[in-house]
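Shown next, in structure tokens, is the structure this report addresses.
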Amino acid sequence: MTLKEKLQFVNSKRLCSNCLKSGHWVRECSSKFSCRDCGKKHNSLIHPGFPLSNGGGSSSQSSGKSMKKADGKVLSSNLVTNDEESEQEDAEQREAVGTYNVGTKRGTTSSVFLSTVVLVVRDQNGGKHLARALLDNGSQVSIMSERLCQILSLKRRAVNVPICGIEQAETRARFLVKTAISSRIKDFSIGVEFLILQKVTSELPSVHVSTAHWNIPGDTQLADPEFNTSSRIDLLIGAEHFYRFLSEREVKRISLGTGLPVLIDTVFRWIVTGKVSDTYNNPVSCLISAAPDNLEILLQKFWEIESNEDQPAWSKEERDCEEHFVKTVSRTEEGRYVVHLPKHVNFAQMLGDSRAMALTRFLRLEKQLERTLEMRKQYNTFMQEYLDLGHMREVREDELRGRIMR
């Protein structure tokens, strides 16, 4: 069959595009095999029908790298490779807040480079890790992927923040973390609070873009050395911090020519942003995220607090506790309130014969204090203070039996 006939056959028979079997879709495919050419979850026989993730036959080699700073120090890199992705992860990416893929007609598209940087992020113990981040001045919040959060072992704080994107699509962040990010080139560091989501956005850019004909100055330090290679984003940094990243009062920029993006200087060095024409049938990423105040929920909570609802029906134990409080509560001359501790109806049976156990422990403590004279002295002083203050008193044997029976 020709490639077109193969694809038509797979679609008409509703086959899995990875193992070519029926009964499930590719996201549910349990086969350990994937495309030999690009590593994606589809069969090698129909590979030419799928766009390459990095513009060539091999996947990106960014994972596991080390990157040198200007001072020669080497930092461990947690940047991911494209061959780690599966079709199921691609589906999950489309569910990430504020990220929507819009198909466009072949031959009429343009790629717009968003501002990506490779920066240093601190883990729970202060260790340094490299991560790929998107600078988004259209976002009210900053977001970290669940994957990176686990790598950094950051302490989480429970939250419940609704995040809205295009067309009011909403998801909720359940956790928040705080850590420091810094430039791997300049002396710049700030603390940032990140909401945790499973995915931040889809891979950026959507496909590999060749820069062979671009006239990038040779001495230019790029904030993201592989800005043109499709790769995962683990951080999104919002508008709260975006404009602090611009290096000077007057923003420095370098134009690469007509139909090409521009370079803008930041604390992370030069970011690549802007439009470049191409002939790919690329998806378009539209990123925006906001944390709205849900007026309906806030109003509902207000009425719940202000409402004077009837007292709910109490259980027998709750009524007994209320009666016990009313009968035993009193107030001392100093103005302090005193109430007896409530006892369960079957208190004596539930407590059991604990006297023997308590006596054994007490005798063991006495032997220990006899061996350590200093500790014995401190213990006796402490207990005498309790007696003097009236916090405790000696209970006679007959009185003790009577208390237990009650």
Single unsatisfied condition, residue 124 versus (1) touching a Phe, Trp or Tyr at 6+ places or on another chain (Cβ under 8 Å); (2) over 27 Å from residue 263 (Cβ atoms): (1)
Filtered residue count, the stretch 171-221, keeping only those that are surrounded by fewer than 19 Cβ atoms within 10 Å (Cβ to Cβ), of a type in the set (Asp, Glu) and in contact with a strand residue (DSSP E or B) (Cβ under 8 Å, 6 or more places away or on another chain): 1
Among (1) modelled with pLDDT of 90 or more; (2) assigned to a loop (DSSP other than H, G, I, E, B); (3) under 25 Å from residue 270 (Cα atoms); (4) not aromatic (Phe, Trp, Tyr) - the single one residue 80 does not satisfy: (1)
Condition check for residue 32: open to solvent by 30 Å² or more (accessible area, probe 1.4 Å) and at pLDDT below 80: yes
Pairs with Cβ under 9 Å, 6+ apart, first in the stretch 331-353 and over 19 Å from residue 316 (Cα atoms), second modelled with pLDDT under 85 and charged (D, E, K, R): 348/406
Residue 183 vs. criteria of a type in the set (Gly, Ala, Ser) and touching a Lys or Arg at 6+ places or on another chain (Cβ under 8 Å): yes
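The values are calculated or read from the model by the stated rules, or taken from the named source; none is laboratory data. These numbers were taken from a predicted model, which means no experiment stands behind them. In this analysis, Cβ positions are derived from the backbone assuming ideal geometry, glycine residues included, and neighbour counts consider all displayed protein chains. In case anyone asks, the SASA skips ligands and DNA or RNA and just uses the protein heavy atoms, side chains included. Shrake-Rupley method; radii C 1.70, N 1.55, O 1.52, S 1.80 Å.
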